[in-house]
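For reference, the structure discussed in these notes is given below.
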Amino acid sequence: MSRVHELRDTLFIGDREGDDLYGRVFVVSAFGGITDLLLEHKKSGDRGVYAKFASSDTGHGWHDALTRVSDAMIEAHSDVLDHPGDVERATEFVRDRIEGARNCLIDLQRLCSYGHFRLSEHMLQIRELLSGLGEAHSAFVTTLLLQRSGVNARLVDLSGWRDDGDVTLEERITAAMQDIDPMTEMPIVTGYAQCSEGLMREFDRGYSEVTFSNLAALTGAREAIIHKEFHLSSADPNLVGADAVRKLGRTNYDVADQLSNMGMEAIHPKAAKTLRQADVPLRVTNAFEPHDPGTLIDDQPTEAPDVEIVTGLDVVALELFEQDMVGVKGYDATILDMLTRHDVRIVSKVSNANTITHYVDASLKSLRRVERDLSKLYPSARITSRTLSMASVIGRDLKGLSVLTRGLQAIADAGFECLGASQGPRNVDVQFVLEREHLKPAIRALHGAFVEDARRAYPRVA
């Protein structure tokens, strides 16, 4: 969204004129970095307004953080809006929302200074309130930009700002869209929607895709399209080279689920489920190449076995060794319950007679809490955590490709040792466990073996 002024000339308008501009509804996210400042940095974990408010005694920290958000928002829209009047309106919008949120947090902090009220009981609502500020700002600025360019754009704010009612997501979307004619106006919809279900309770920062999928289903869209800054490709082009990757063109929801598991979401699995049930096809395109059809995701199988994507992520191996485990039930369930309780996401798992290893996507800090609680339950067990990485070779059908054998050989030929590997009977992915510093070269080696070598042997005709 920080390049929305470029998208105006490619995606929103491009070479369209008149009625061709309409018949589309856009769901927008916040400008780059704004949600990190409001909540916490997605990668580094640096505290934003939310985290500072949760731990504040004096309030100075979160006040300053909220002011930084305001400054960042004003800088963001000043970079993309050309007309001084639009900049002024956007700045007034930011100040109204930011100061409104500030006053709300001050009142809540004052209320919770009394013993009858607990701040912890309101933290989810605070997180949602803050997060909605980013999407509302982005949608407002986009609407101004398009209106200035002659488009009949209309802001659709689902964030529930100063609303009285507590409505479901379906009711929120239906009420907001009921008086809108997408064939004569272009709705610009906030990615965050306030609703009784509390989107952040289950999806946290993945809520925009949930809003997007429900909007597509409820409006009976012909197609749901996710516009990204890049094509859905066989690997990260920054890692293996732009000339080495190939655009997928077509894949299915099974592959999309495997990508989500590896932290490379094409779409949230539950958002994809909503689209599938509503029979709305999903397409992933490059927003800056509007004439390219991108990649279609549906439920169709592939015509022939093929490796489609090579990706990977950093993981932590949580290992529980217990000599008394042999023949005893209950260890698996207990560990799973503990990981769930501490909100630790499981990527994969292996076990043998006396050892259970979970490969998880979590911080070492959260794993230390899991270790402590497991040690109380199993005092004689040896529980350890180790930072590793996992590379994954994914495709709709890998049958007959000897991916496990060839992958181990490719990693060995590149000069690295594989610490573990696994393949399920469904033949949709193969996982390779490596030292963390070996992940990127291993991905390059696997992509070379399964994608680049295959392309040289069997060149595709576009």
Computed label-point distance, nm, for sites A414 and E185 using a 7 Å Cα→Cβ extension: 5.2 nm
Cβ charges +1 (Lys, Arg) and -1 (Asp, Glu), total dipole of the range 1-154, debye: 500 debye
Set K270/K329; K42/K365; K43/K399; K52/K440; K52/K273; K52/K365 screened for pairs whose C-alpha atoms are more than 24 Å apart: K270/K329; K43/K399; K52/K440; K52/K273
Alpha-carbon Debye profile of the range 63-214, log10 I(q)/I(0) at 0.09, 0.11, 0.17 Å⁻¹: -0.32, -0.48, -1.07
Solvent-accessible area of E223 with every protein chain in place, 1.4 Å probe, in Å² to the nearest 10: 50 Å²
Residue-level accessible surface for D79, protein heavy atoms, 1.4 Å, Å²: 110 Å²
Spread of Cα-to-Cα distances over 10 Å intervals beginning at zero, given as percent, for the range 405-446: 30, 57, 13
Estimated FRET transfer efficiency when R0 is 51 angstrom, pair N354-R118 (beta carbons, to 0.05): 0.70
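Where the convex hull is taken over the Cα atoms of the range 197-305, what is its projected area averaged over directions, in nm²? Write down the numbers at each step before the final one.
Working: hull surface 31.5 nm².
Over all viewing directions, the range 197-305 projects a mean Cα-hull area of 7.9 nm².
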Evaluated at q = 0.11, 0.20, 0.28, 0.29 Å⁻¹: base-10 log I(q)/I(0), Debye formula over Cα of the range 302-369: -0.36, -0.83, -1.31, -1.36
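As a test of reading the structure, rank L374, L119 by solvent-accessible area (1.4 Å probe, protein chains only), most first.
Working: L374 0, L119 40 Å².
Heavy-atom accessible area, descending, gives L119, L374.
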Residue-level accessible surface for D181, protein heavy atoms, 1.4 Å, Å²: 70 Å²
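Protein chains only, probe 1.4 Å: how do D86, D204, D243 rank by accessible area, largest first?
On the way: D86 10, D204 55, D243 150 Å².
Order by accessible area, largest first: D243, D204, D86.
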Percent of C-alpha pairs per 5 Å bin, the range 1-91, short to long: 3, 12, 17, 17, 16, 14, 9, 6, 4, 2, 1, 0
Of all accessible heavy-atom area on the chain, the percent that carbon and sulfur account for (1.4 Å): 48 percent
Dipole axis of the chain (+1 Lys, Arg; -1 Asp, Glu on Cβ), positive-most option in A193, V80, S44: S44
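Which shape class applies to the chain: rounded if a/c is under 1.5, otherwise prolate when a/b exceeds b/c and oblate if not, where a ≥ b ≥ c are the square roots of the Cα gyration tensor eigenvalues?
Values: a/c = 2.04, a/b = 1.23, b/c = 1.66.
Oblate shape, in that a/c is at least 1.5 and b/c is the bigger or equal ratio.
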Given charges at Cβ of Lys, Arg, Asp, Glu: the range 78-192 dipole, positive-most of W161, L130, T184: L130
The range 196-255: equivalent-ellipsoid semi-axes (sqrt of 5 x gyration tensor eigenvalues, Cα, Å): 29, 16, 10
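The values are calculated or read from the model by the stated rules, or taken from the named source; none is laboratory data. The structure displayed is predicted, hence computed values, not measured ones. Methodologically, a virtual Cβ is constructed for each residue, glycine included, from the backbone with ideal geometry; neighbour enumeration extends over all protein chains shown. All accessible areas refer to the heavy atoms of the entire protein, side chains included, with ligands and DNA or RNA removed. Shrake-Rupley method; radii C 1.70, N 1.55, O 1.52, S 1.80 Å.
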